[in-house]
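A short worksheet on the structure shown next.
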Amino acid sequence: MSNCIFCQILSKEIPSYTVYENEHVYAFLDITQVSKGHTLIIPKPHVKDVFEWTPDIASSMGEAIEKVSKALKKAFPNMQGLNIINNNGERAYQSVFHSHIHLIPRFPEQDGLSITFEPHSPMYTQEEMHAIAQTITQAF
Ligand code: 5GP
Ligand code: ZN
């Protein structure tokens, strides 16, 4: 897709720092570097978000997540943890609409990432939780 930044990175029109590549995916340093080694993994076909993934894309992305995560751990022995984040849609903070996974290593020092999970208020009742799960289950 010609006006997509990540497609332009794939075609080398825009330079990037390669971390990993195979036939199906490309991994490169996020320009922002929320922490050292902050990496993006993208599928080579232009798909907007997870809702456009095919089973093949899911499989190759999953494989790459495992590989790159382990390489980051080996590369940075003082890494204390790793956040794997995928944003889908503007409401979910997606800003580049070529699907991508963020791998954000966490070190002892402070970095630019904060994630909070505030519980729904009021809490859902057991009946509501059951109904929510059932609604999703029926959507497969
Ligand atoms: P999103 O908010 O869509 O999940 O994340 C998009 C990410 O792409 C941001 O973290 C941003 O720093 C990164 N990004 C945007 N433009 C470029 C670019 O031209 N090169 C690289 N390497 N990263 C980019
Ligand atoms: Zn694209």
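The values are calculated or read from the model by the stated rules, or taken from the named source; none is laboratory data. Source: prediction; values computed, not measured. Note that each Cβ is placed from the backbone with ideal geometry, even for glycine, and that neighbours are counted across all protein chains shown. Surface areas here come from the heavy atoms of the whole protein model, side chains and all, with no ligands, DNA or RNA. Shrake-Rupley method; radii C 1.70, N 1.55, O 1.52, S 1.80 Å.
From the Cα trace of segment 64-136, what convex hull volume per residue do you get, rounded to a whole Å³?
Spread over its residues, the Cα hull of segment 64-136 gives 168 Å³ apiece.
Where in segment 28-111 are there GluC sites (Glu not before Pro) that are in a DSSP coil and have at most 15 other Cβ atoms within 10 angstrom of their Cβ?
Hits after loop and neighbour filter: Glu109.
Per residue, how large is the accessible surface of segment 20-132? Use a 1.4 angstrom probe and give square angstrom.
It amounts to 65 Å² per residue over segment 20-132.
Please name which of Phe97, Thr137, Val25 has its Cα lying farthest along the dipole of the chain towards the positive end, using unit charges on Cβ (Lys, Arg +1; Asp, Glu -1) and the Cα centre as origin.
The residue sitting most towards the positive pole is Val25.
Pull out the extension gain between His130 and Lys73, defined as 0.36 nm times the separation in residues minus the alpha carbon to alpha carbon distance; nm, one decimal.
Difference between extended and current length: 16.7 nm.
Eight or more residues apart or on different chains, and alpha-carbon atoms under 25 Å: count the Lys pairs in segment 3-140 matching that.
Going through segment 3-140 pair by pair, I get 13.
Regarding segment 13-106, what are the three Cα extents along the principal axes, ordered largest first, in Å?
36, 29, 27
Scattering from the C-alpha atoms of segment 1-54 alone, worked out with Debye: what is log10 I(q)/I(0) at q = 0.13, 0.15, 0.20, 0.28 1/Å?
-0.32, -0.42, -0.74, -1.23
Under a point-charge model restricted to the Cβ atoms of Lys and Arg (+1) and Asp and Glu (-1), what is the dipole moment magnitude of the chain relative to its Cα centre, in debye to the nearest 20?
That gives a dipole near 480 debye.
Using only the Cα atoms of segment 28-75, what do you get for the radius of gyration and for Dmax, in Å?
In order Rg, Dmax, the Cα atoms of segment 28-75 give 12.0, 32 Å.
For every other residue with a beta carbon closer than 11 angstrom to the beta carbon of Ile104, add +1 if it is Lys or Arg and -1 if Asp or Glu, then tell me the sum.
0
Between Asp49 and Glu118, what is the label-point separation in nm under the 7 Å Cα-to-beta-carbon projection?
Roughly 2.1 nm, to one decimal.
Quantify, in whole percent, the carbon and sulfur part of the accessible surface of segment 1-97 (1.4 Å probe; protein heavy atoms only).
In segment 1-97, the share of accessible area belonging to carbon and sulfur is 57 percent.
Could you compute the net charge surrounding Asn88? Neighbours are other residues with a C-beta less than 15 Å from the C-beta of Asn88; K and R count +1, D and E count -1.
Combined, the nearby Lys, Arg, Asp and Glu give -1.
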